[in-house]
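For reference, the structure is listed below as structure tokens.
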Amino acid sequence: MFALWLMDWGTDAPNGTINLFVVSFEKEIMFYGPKVDLTPSEFKEALRQNGGKVLDCRTAAECAEGMLPNAIQSDWMNGEVPNAVEGWDKKDPVYCYCRSGVRSEAASNFLRDQGFDAVFNVGGFSSLKE
């Protein structure tokens, strides 16, 4: 439940009083995480069946702690993705991941906007490495 407090005062208020209005309302707050297109098992099966490129959108320091086999590291936050994908066949599947799925979601959306046909945000590294 939220409350909104409104105060009203001025020269027209009798005896210099302050009018205080409290308006309360209920509002459901929903927190959304990144949209993941494939579960870890769906990702592994799609990669096995269809091939494609795996794009790790984390920093080099994060990747030093481990990466998926054959993944291409390209730091989304440092603006490296556009150069990394230059020359890639836009018909080949691209599977993007990062630490939590947020950066890979942004990279996936960027690649779709650039005309890539089959781009999938597969989420965070910790769920994929197992």
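Every number here is computed from the coordinates shown, using simple stated rules; none is lab data. The model shown is predicted, which means the values in this text are computed figures rather than measured ones. Backbone-built Cβ (ideal geometry, glycine too); neighbour counts: all protein chains shown.
Between Asn50 and Phe110, the C-beta separation translates, for a Förster distance of 22 Å, into a calculated FRET efficiency of about 0.55. Using the alpha-carbon positions of region 40-128, Rg (one decimal) and Dmax (whole number) come out as 11.7, 32 Å. Between Ile72 and Lys35, the modelled label-to-label distance comes to 2.4 nm, taking each label 7 Å out from Cα in the direction of the beta carbon.
Of the residues Leu111, Gly101, Ala84, the one whose Cα sits farthest towards the positive end of the charge dipole of region 40-128 is Gly101 (charges of +1 on Lys and Arg Cβ, -1 on Asp and Glu Cβ, taken about the Cα centre). Calculation over all alpha carbon pairs of region 91-130 in 10 angstrom steps from 0 returns a P(r) of 37, 48, 15, 0 percent.
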